[in-house]
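The values are calculated or read from the model by the stated rules, or taken from the named source; none is laboratory data. Please read all numbers here as calculations on a predicted model, not as lab measurements. Here the Cβ positions follow ideal geometry from the backbone for every residue, glycine too, while neighbour counts run over all protein chains shown.
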Amino acid sequence: MSTPWHVLGAGSLGTLWATRLARAGLPVRLILRDPMRLRSYEAAGGLTLVENGQASTYAVPGETVDNPAPIRRLLVACKAYDAEEAVARLAPRLAPDAELILLQNGLGSQDAVAARVPLARCISASSTEGAFRDGAWRVVFAGHGFTWLGDAGHPVAPAWLDDLDAAKIPHEWSTDILTRLWRKLALNCAINPLTVLHDCRNGGLQQHQCEVATLCGELAELLERCGQPAAADNLQQEVERVIHATAANYSSMYQDVANRRRTEISYLLGHACTVAARHQMNLPHLSQLQQRLISHLRSRGLPSD
Ligand code: NAD
Ligand code: KPL
């Protein structure tokens with residue numbers, strides 16, 4: 001029997017992964033916060049994935065964090081701000097050869113998790129797949145995309161990538177995962193906060209080209225200083241391309257704010273500003289953007305971290 005996939009976080013991405021792995025006949029177990037959540041999940045009869053308008057339910061077995069069974073492979077599918085604490089609670093269950101796959105967007109949470117479980121192998125992921133919840137234990141596969149996986153400290157790909165082939169999860173092993181994460185972070189920093197502040201879809205930023213270009217200049221400077229020149233390469237053109245290609249969409253941060261959810265600001269713009277300060281860099285537009293966003297979130301009564 002192959003190693004079970006333990007999935008932590010039954011939200012959008014966790015469900016998207018768990019259902020596709022289960023559909024391929026692979027062993028999957030869903031880890032839920034507490035017995036109450038477990039009862040609610042069991043009453044629903046499984047996880048439902050809606051794809052091309054077709055809903056299918058998969059009876060993935062659930063368990064709570066306190067289940068004593070050891071974990072060898074853990075897919076961490078919670079938000080960046082929850083990842084460290086969630087993994088810390090599971091640390092006693094990790095087998096000596098445990099591997100963690102970290103699906104969090106942005107940067108900062110991966111290092112925080114790795115520090116909590118120094119013996120485990122931590123693999124980071126950067127995904128362009130899109131999913132959202134449209135009911136309890138139910139997720140809509142909204143945007144087909146791709147997932148890059150990599151381990152900055154150890155370039156050899158794990159054998160279980162075969163499971164992702166079997167589950168038809170489009171992926172590639174990346175030997176420069178940090179560059180990919182930084183590039184995505186820079187894109188998110190140049191687009192997402194401005195869509196919140198200007199209250200617009202991504203395409204609305206075509207009216208704010210100068211502001212976008214100035215931010216891209218500062219972000220590229222930061223990436224160069226962090227030893228990530230490839231992530232800085234043609235950043236502005238790429239940002240303009242994404243704005244054009246996703247013109248009709250609302251950014252993920254816009255949607256978080258509109259739905260009164262906590263944002264991942266600390267792992268995106270916050271992380272960029274923290275690293276800039278560590279390098280004693282003066283990036284006035286980036287730090288002004290952070291201040292404007294924090295004020296905006298506070299004025300709405302939302303967490304600003
Ligand atoms: P989500 O809010 O839909 O799901 C997170 C789930 O984790 C929630 O169900 C929450 O209850 C659960 N959780 C949190 N702490 C837990 C704990 N201690 N124990 C058990 N469960 C716990 O989030 P999401 O949209 O799936 O995003 C997850 C990560 O993936 C984020 O960093 C996000 O930026 C990234 N991402 C999401 C998408 C997407 O389309 N949704 C795309 C790319 C990247
Ligand atoms: O990833 C995104 C998001 O909304 O989080 C894009 C579409 C790239 C905008 O930054």
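Before moving on, here are some points about what is shown:
- A single member of CYS273, CYS216 is among the hydrophobic types (A, V, I, L, M, F, W, C) and free of Cβ contacts under 8 Å to residues at least 24 places away in the same chain, and it is CYS273.
- Test: residue in the stretch 245-253 that is under 25 Å from ALA112 (Cα atoms), surrounded by 15 or more Cβ atoms within 10 Å (Cβ to Cβ), within 16 Å of ligand 1 (Cβ to nearest atom) and not charged (D, E, K, R): yes
- Restricting GLU264, GLU224 to those that are at pLDDT 95 or above and over 16 Å from ILE191 (Cβ atoms) reduces the list to GLU224.
- Looking at LEU205, LEU185, LEU178, just one residue is within 14 Å of ligand 2 (Cβ to nearest atom), of a type outside the set (Lys, Arg) and closer than 23 Å to GLY108 by Cα, and that residue is LEU185.
- Test: residue in the stretch 80-93 that is touching a residue at least 24 places away in the same chain (Cβ under 8 Å) and within 16 Å of ligand 2 (Cβ to nearest atom): yes
- Top-ranked residue of the stretch 51-102 - restricted to ones that are crowded, with 19+ Cβ neighbours inside 10 Å and among the β-branched types (Val, Ile, Thr), ranked as nearest to ALA131 (Cα to Cα): VAL76
- Criterion violated by PRO284 - all others in (1) more than 22 Å from the chain's Cα centre (by Cα); (2) within 14 Å of ASP305 (Cα to Cα) satisfied: (2)
Residues are listed down the side, and each one gets a yes or a no for (1) exposed (fewer than 12 other Cβ atoms within 10 Å of the Cβ); (2) touching a Cys at 6+ places or on another chain (Cβ under 8 Å); (3) more than 22 Å from ALA142 (Cα to Cα):
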{"residue": "ASP256", "(1), (2), (3)": "no, no, no"}
{"residue": "THR263", "(1), (2), (3)": "no, no, no"}
{"residue": "SER266", "(1), (2), (3)": "no, no, yes"}
{"residue": "ALA272", "(1), (2), (3)": "no, yes, yes"}
{"residue": "VAL275", "(1), (2), (3)": "no, yes, yes"}
{"residue": "ARG292", "(1), (2), (3)": "no, no, yes"}
{"residue": "SER304", "(1), (2), (3)": "no, no, yes"}
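- Selection of first residues in the stretch 47-74 that are assigned to a loop (DSSP other than H, G, I, E, B) and of second residues that are exposed (fewer than 13 other Cβ atoms within 10 Å of the Cβ), restricted to Cβ pairs under 8 Å at least 6 apart or on distinct chains, gives the following pairs, ordered by first then second residue: ALA59/GLY45; VAL65/ASP34.
- No other residue among ALA157, ALA186 is modelled with pLDDT of 95 or more, over 21 Å from ALA98 (Cα atoms) and not basic (Lys, Arg) apart from ALA186.
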